[in-house]
Amino acid sequence: TLIAIDSTEIDSTETSSTAPIAIDSAEMDSTETSSTVPIAVDSTETSSPVPITVDLTESSSSVPIAIDSTETTTTITSTSSTTPQHTSSIFDCKNNEEDYCECSNDFIGASCEIQSDDVCSKQDNNTYESLFFITFGSGSDRFSSKTASDFNFKTDLKKESWSNFNPGAYAFVNSVPSSLTVLWHDAAKDHTTNDTDGYMYLADVENVNGTLFNYNITNLCVGVDYEYSAYFTNIMRKMRRISVTEPNIRFEVRAVHKKGDLIAKKSTGDIPVYQHMTWSKHGLSFVAKSSSVVLLMISNVGAHWGNDLAIDDIQLRVSSANQTGFCYPG
């Protein structure tokens with residue numbers, strides 16, 4: 001325990017006199033016993049020693065004390081023997097070398113300002129209102145003629161037919177095609193329930209940070225909770241002694257303006273291969289900070305071998321009861 005005393009107003013006009021000071025350290029916490037109290041005195045205006053009496057009513061440990069008596073006022077500053085815990089805040093966290101910061105579980109970023117909360121439920125939930133729900137339709141042809149723009153989103157991938165389906169391509173299919181390497185879940189179906197010959201979004205992702213889904217939405221209600229989610233599956237079949245890159249997708253919510261401030265972010269983690277094609281729900285929950293946002297899905301990995309996936313049932317829904325999720329001007 002270090003206690004600093006600045007006695008800037010002690011009257012020490014007689015150089016040989018002493019100025020006894022008593023300190024009651026009743027609330028000091030110490031684990032040491034039977035120690036003396038070392039004292040350092042800096043007295044720029046007196047040549048006489050300043051004896052100090054310390055009354056440690058609940059402690060017998062050593063308490064180093066420094067006194068700077070440059071003037072005549074006495075100030076006592078005490079530092080606890082235990083290191084104070086820094087309470088993180090979205091206002092004061094910097095996460096740099098000078099300031100320690102530990103964000104709460106649902107926030108990340110240099111100032112803990114980016115939301116990173118998981119979806120409300122890993123299962124389908126029809127309790128709350130859906131703002132949009134993209135299932136990609138259905139049809140008897142294995143490959144749909146529709147493109148991303150027909151579902152109001154943009155992608156960095158290129159729409160291709162099966163004869164030219166290479167890394168960097170996408171298509172909407174009602175079953176997984178047979179791959180040339182026989183490693184895909186041939187003929188596996190989409191996720192949407194009660195959807196005969198339903199299409200899914202098939203993507204052979206090539207580049208890291210490639211955008212699979214870019215969707216603008218307006219008239220959200222600022223301060224209201226939303227859930228942005230989709231179902232994913234790795235279309236690669238689990239094979240012994242064969243290692244492939246597993247898809248890993250990052251969900252982002254950004255404000256609609258030139259800076260595109262990041263509001264929320266959450267990654268799926270690696271989407272594993274299975275013996276039988278398995279769908280899983282991923283996404284994030286966020287509180288709208290802007291009435292207009294961009295919803296993104298971005299690849300965290302790039303590869304030519306693997307990184308093949310299917311996406312279905314992309315949804316934005318409000319997570320508050322008795323809310324439509326839309327707030328219109330006026």
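The values are calculated or read from the model by the stated rules, or taken from the named source; none is laboratory data. Computed from a predicted model, the values in this text were never measured in an experiment. We place every Cβ from the backbone using ideal geometry, glycine too, and count neighbours over all the protein chains shown. The area values use the complete protein model at the heavy-atom level, side chains included, leaving out ligands, DNA and RNA. Shrake-Rupley method; radii C 1.70, N 1.55, O 1.52, S 1.80 Å.
Exceeding 25 Å between C-alpha atoms, which entries from my cross-link table qualify? They are 159/266; 189/238; 146/265.
Pairs exceeding the cut-off: 159/266; 146/265.
Explain nothing, just the number: relative contact order of segment 130-325, from Cα pairs under 8 Å at least 6 residues apart, as a whole percent.
Numbers: 513 pairs, mean separation 59.7, N = 196.
Relative contact order here is 30 percent.
Ranked from the most accessible area to the least, with a 1.4 Å probe and all protein chains present, what is the order of 327, 221? Could the numbers behind the result be given before it?
Details: 327 60, 221 5 Å².
Heavy-atom accessible area, descending, gives 327, 221.
How big is the gap, in Å, between the Cα center of segment 181-200 and the Cα center of segment 309-330?
25 Å
Using the Cβ atoms and a cut-off under 15 Å, what net charge is assigned to the surroundings of residue 252, where Lys and Arg are +1 and Asp and Glu are -1? Spell out each step's value before the answer.
Details: positive: 154, 250, 254, 259, 265, 266, 289; negative: 113, 117, 118, 156, 227, 261.
That works out to +1.
If I stretch the segment between residue 323 and residue 146 completely, what's the gain in nm (0.36 nm per residue apart, minus their alpha carbon distance), one decimal?
On the way: separation 177, 0.36 × 177 = 63.72 nm, distance 3.22 nm.
Length difference between fully extended and current span is 60.5 nm.
Probe radius 1.4 Å, ligands and nucleic acids left out: which of 133, 213 has the largest accessible area, and how do the rest follow?
On the way: 133 110, 213 0 Å².
Putting 133, 213 in descending order of accessible area: 133, 213.
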